[in-house]
Amino acid sequence: MSWTHLVFLSLLATLLILTLSPGVWSASVTDGREGKAAEPKGSARRVFMPEAAAANFFKKRSRRSGKHEAEVLAEQRVRLSADERRREYYDEQRDEFENYVEEERDEQDERTREKTEQWREFHYDGLYPHYPRGW
């Protein structure tokens, strides 16, 4: 058999299994004509709410009504904690940059001092002291 025959037969077998499987009907979506869905039991009843209650859920507080005091306080706590984290992050970044700049400045000063010493040693003719002394 060629590979096309093999693929065709496997797809046909899969289709046959799916059509004859009893789990297919339980997974299908009903259109409402076949009857009402069963009432949810146990924890599903606590998770899912009736359609009427779900429709009124967003209507409880209109756009113009104020927030509850606990809700405002919770939002302020979240905002303050975010501000604190942001402040700590930027303080840490600033400290790291200041340390970097200080190290770079120290290295540059050291290189400048070494170059100056080399220049003085190269240009010293031995007749005069390194540094002029007061007369």
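Here, each number is a calculation from the coordinates, and none is a lab measurement. Note that the coordinates shown come from a computational prediction; the quantities given were computed from them, not determined experimentally. Quick reminder, even Gly has a Cβ in these numbers, built from the backbone with ideal geometry, and neighbours come from all protein chains shown.
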How long are the semi-axes of the equivalent ellipsoid of segment 83-124, defined as square roots of 5 times the Cα gyration tensor eigenvalues? Whole Å, largest first.
40, 4, 4
What distance in nm lies between label points placed 7 Å from Cα along the C-beta direction at ARG94 and HIS123?
4.2 nm
In nm, give the distance between the simple-model label positions of GLN108 and HIS68, each being 7 Å from the Cα along the Cα-to-Cβ direction.
5.9 nm
